[in-house]
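Right, one structure below, let's go through it.
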Amino acid sequence: MSARSAVRLEWLHDVLRRGGTLPLAEAARLCEVSEMTVRRDIAASRGAILSIGGHLILADHPQLGAAYDLASQQDRYAQAKTRLCERAATLIDEGDTLFVDCGTTLLTLCSLIPRIAQVTIVTYALNVANAVTQRAPEARLVVLGGLYFSASQSFGGQEVTAAIRRLGINKAFISAAGVHAEKGVSCFHFHEVAPKQAAIEHAERSILVADESKLDVRRAALFAELGEFDTILTTGNPGHAWRDRVASVEAERIQVV
């Protein structure tokens, strides 16, 4: 990143922090550069600034995260999440390198990993890393750092995505805020998209873990199609009904627990 680009990014960050959003064309005019130059600056911001619908916005802006509160999500469908993690734990083998996604759904998985499995856990989520150190201290832990987003207690940026691509991940356990039969799988926060996609692409096996409250729901940040997952774990009677009408995925790949 050039010095001029860094100065523009710092200025844009300050403007967006005060004003919320800024049209791309207006940003280019104020910076006295082309829109393409502003787009290149944004690409170098490591996910801190996003361009959505021709407007610039900070990735941690409340508009993108207000609907998701980590503390409140911890208790929602707690029993369903426990069942999901119990099933997910049966998919772990000796010596696996596991990618564990951010959010609250997969926290219980950290305490269910067999102590003799000698697994490696890769995560970009601070709450998952803390859970591993407290509940599965025998596991080897790899925490991927970058720009920190407090709304989801996770890190984002090019370093996170590049590291995921370099690691030999056997199984990727992916969480979601929305799982829609036609519109795909989505989350609240745009900075999570690239890490999730990299894990799905590079893992030997990708496993979507989503309780019944996520079914037939769409969120702002689309990151995958249902067919990209090797296994989909969900819960309850709504899960059975949803599985029966999903035509885009082979039924045996969807497990309802």
*Go through the range 107-128 and give me each residue that's surrounded by 22 or more Cβ atoms within 10 Å (Cβ to Cβ) and small (Gly, Ala, Ser).*
Ala125
*Filter result for Cys102 (at pLDDT below 90 and surrounded by 23 or more Cβ atoms within 10 Å (Cβ to Cβ))*: no
*Report the residue count in the range 159-175 for those that are in contact with a helix residue (DSSP H, G or I) (Cβ under 8 Å, 6 or more places away or on another chain) and either in contact (Cβ under 8 Å) with a residue 40 or more places away in the chain or of a type in the set (D, E, K, R) (or both).*
7
_Please verify whether Gly168 is among the small types (Gly, Ala, Ser), in the same structural domain as Phe99 (by TED's automatic domain parsing), in contact with a Ser or Thr (Cβ under 9 Å, 6 or more places away or on another chain) and surrounded by fewer than 16 Cβ atoms within 10 Å (Cβ to Cβ), treating the condition exactly as stated._
yes
*Tally of residues being in contact with an Asp or Glu (Cβ under 9 Å, 6 or more places away or on another chain), of a type in the set (Asp, Glu) and under 20 Å from Gln153 (Cβ atoms) across the range 183-231*: 1
*asked:* Show me the strands (runs of 3 or more DSSP E) entirely contained within the range 138-210 in which 1 or more residues are over 29 Å from His13 (Cβ atoms) and among the hydrophobic types (A, V, I, L, M, F, W, C).
replied: 140-143, 171-175, 178-180, 184-187, 205-209
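The values are calculated or read from the model by the stated rules, or taken from the named source; none is laboratory data. Remember, it's a predicted structure, so these values are computed and weren't measured experimentally. Every residue, glycine among them, receives a Cβ derived from its backbone with ideal geometry; neighbour counts consider all protein chains shown.
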